[in-house]
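Single-structure report; data block below.
The values are calculated or read from the model by the stated rules, or taken from the named source; none is laboratory data. From a predicted model like this one, the values you see are computed outputs, not experimental measurements. Please note: Cβ atoms are built from the backbone with ideal geometry, for glycine as well, and neighbour counts cover all protein chains shown. All accessible areas refer to the heavy atoms of the entire protein, side chains included, with ligands and DNA or RNA removed. Shrake-Rupley method; radii C 1.70, N 1.55, O 1.52, S 1.80 Å.
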Amino acid sequence: MSDKATLEINGTSYEFPLVKGTENEIGIDIKTLRSVTGGVITIDPGYKNTGSCESAITFLDGEKGILRYRGYSIEDLAEKADFLEVAYLLIFGELPNAETLEKFHADIKKESLVDEEMKKIIDAFPKSAHPMGVIASLTSALTAFNPTSVNVDSEEAMYNAIVRILGKFPVLVAWTMRKRQGLPLEYGDTSLGYVENVLKMMFRKPNEEYVTNKVVLDALDKLLILHADHEQNCSTSTVRITGSSHAGLFVSLAAGISALWGPLHGGANQAVIEMLEAIKEDGGDTKKYMAKAKDKSDPFRLMGFGHRVYKNFDPRAKIIKKSADEVLSNLGVEDPVLDIAKGLEKEALEDQYFVDRKLYPNVDFYSGIIYRALGIPTEMFTVMFSLGRLPGWIAQWKEMRLGKEPIGRPRQIYTGETYRPFKTMDKR
Ligand code: ACO
């Protein structure tokens, strides 16, 4: 196979090198396109065919349903690793040994206090504020309390910023939920594991001892691993592009949180449960909602279905579906929306509209059912997603900064008015 692509424009041929990844993915390197052609650019709304970077973090093959972090399969990681190990793997490239992991955790714990002044910011939000807006604001506000910008050329400074956010973010997640519930804002327990501590911070009642439920802990750990990275998706690209202006780590993450909020992305987990609830309230007629999803004049979409990249199945959805059954039965929870979800999935997988468009359940079709069984309120689902995605965003931000990537700045094809003389007020 040639290592070049040829492009012909108005009878002139131009050659561009091909870039090949370790999994044989091929890209056409068009860095010189504009200069050699005298201004021609590519147009690709939604970046369906555009690679924004070369990355060594996450590999996914949407046709074969493969997802790997740093070469390790998502199935192995979900089964055999814990979330903190996966976070380390994503950020630093290798699985930690026992000693490195212990140090990593100890360093995170040292950073797990949040300035008490932050509570004033939380107090200023109305109780009805959506937790995603609150957590994005709090993450941004952390910058004000930790104003030194990261010197990316110093490995130590980079490491310190990473453990700082990994230490403080779960506290903010817990406070965001507790504030809505009128519970006191507390700190965690550094004698516990990372995820166990998250649970305690979220659920401890001021008048009761908190006892960890192993089923809940394992389920949350697995969900966080499954959400930990997904290469250049909407929120991750937002983190990278924000950081490409050399904006700091915390604000880049806050931008990613905002991008995650939308129902076409991370907000789908909340939207799925709301959709399943609505179907239940409406008598459980899944056929009616299938018809709505296929009707082009109806804006309704089957939430939790479809994916930009997966055109076969989403490997995370497979793991989560199995886990949903186990978690609900272990916790003794009977949730009628699980049956509705299974019914919808079965119908969709047999329906020509969904088959033709290669629409399969994505990671968030079943995740909300598990979150709900764990006692996490619906509006907090996307916040939980952000907690899981945090290591991925950090890894991608770090890779982008260390790779000295240029500022992200797409071009456009202008379709507005051509030059026209200014119209004075009396002539408008
Ligand atoms: N329900 C009904 N039809 C759908 C759905 C759906 N959930 N998803 C896609 N389609 C249809 C589209 O209408 C379109 O049909 P057409 O070819 O007849 O016009 C076709 O399938 C292709 O869809 P696009 O929107 O072009 O695909 P795209 O890659 O741009 O969008 C997305 C992917 C946003 C995930 C889309 O499938 C969707 O909106 N799904 C529901 C929301 C959701 O679950 N998002 C979570 C994604 S996973 C994550 O981000 C964590």
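Every listed requirement among (1) under 27 Å from A247 (Cα atoms); (2) open to solvent by less than 10 Å² (accessible area, probe 1.4 Å) is met by S367 save one, (1).
When the stretch 82-111 is examined, which residues are found to be outside any helix (DSSP H, G or I), touching a helix residue (DSSP H, G or I) at 6+ places or on another chain (Cβ under 7 Å) and in contact (Cβ under 8 Å) with a residue 12 or more places away in the chain?
First, the residues of the stretch 82-111 that are outside any helix (DSSP H, G or I): 82, 93-97, 111.
If we keep only those that are touching a helix residue (DSSP H, G or I) at 6+ places or on another chain (Cβ under 7 Å) as well, we get 82, 95-96, 111.
Result: D82, L95, E111.
Against the list (1) open to solvent by 60 Å² or more (accessible area, probe 1.4 Å); (2) in a helix (DSSP H, G or I); (3) at pLDDT 95 or above, the condition R180 fails is (3). Being more than 12 Å from the ligand (Cβ to nearest atom) and touching a residue at least 12 places away in the same chain (Cβ under 8 Å), is that true of even one residue in the stretch 291-309? Taking every residue of the stretch 291-309 in turn, none turns out to be more than 12 Å from the ligand (Cβ to nearest atom) and touching a residue at least 12 places away in the same chain (Cβ under 8 Å). Given (1) buried (at least 24 other Cβ atoms within 10 Å of the Cβ); (2) out of contact with any strand residue (DSSP E or B) (no Cβ under 8 Å at 6 or more places or on another chain); (3) in contact (Cβ under 8 Å) with a residue 60 or more places away in the chain, where does S258 come up short, assuming only one miss? So the condition that S258 fails would be (1). Within the set E196, E186, E208, E274, the sole residue that is among the acidic types (D, E), open to solvent by 40 Å² or more (accessible area, probe 1.4 Å) and closer than 21 Å to L84 by Cα turns out to be E196.
The set of residues in the stretch 396-428 that are among the acidic types (D, E) and closer than 20 Å to D153 by Cα comprises E399, E405. Of all residues in the stretch 211-233, those that are crowded, with 18+ Cβ neighbours inside 10 Å and either among the aliphatic types (A, V, I, L, M) or assigned to a helix (DSSP H, G or I) (or both) total 11. The residue that is nearest to I319 (Cα to Cα), among those in the stretch 337-359 that are in contact (Cβ under 8 Å) with a residue 24 or more places away in the chain and open to solvent by 70 Å² or more (accessible area, probe 1.4 Å), is K358.
How many of the residues making up the stretch 331-368 are acidic (D, E), within 16 Å of the ligand (Cβ to nearest atom) and in a helix (DSSP H, G or I)?
Counting residues in the stretch 331-368 that are acidic (D, E), within 16 Å of the ligand (Cβ to nearest atom) and in a helix (DSSP H, G or I) gives 5.
Please pick out the residue among K322, K287 that is surrounded by fewer than 21 Cβ atoms within 10 Å (Cβ to Cβ), without any contact (Cβ under 8 Å) to a residue 12 or more places away in the chain and either part of a helix (DSSP H, G or I) or within 13 Å of the ligand (Cβ to nearest atom) (or both). Talk me through it step by step, then tell me what you get.
Details: K287 fails: without any contact (Cβ under 8 Å) to a residue 12 or more places away in the chain.
Just a single option satisfies the conditions, and that option is K322.
Selection of the stretch 183-204 for residues being of a type outside the set (D, E, K, R) and outside any helix (DSSP H, G or I) yields L183, P184, L185, Y187, G188, T190, S191, L192, G193. Residues that are among the aliphatic types (A, V, I, L, M) and in a loop (DSSP other than H, G, I, E, B) were ranked within the stretch 388-428; the one that is nearest to L90 (Cα to Cα) is I407.
Listed residues V239, V272, V211, V215; which is more than 14 Å from the ligand (Cβ to nearest atom) and under 30 Å from R357 (Cα atoms)? Checking each option against the conditions leaves just V239.
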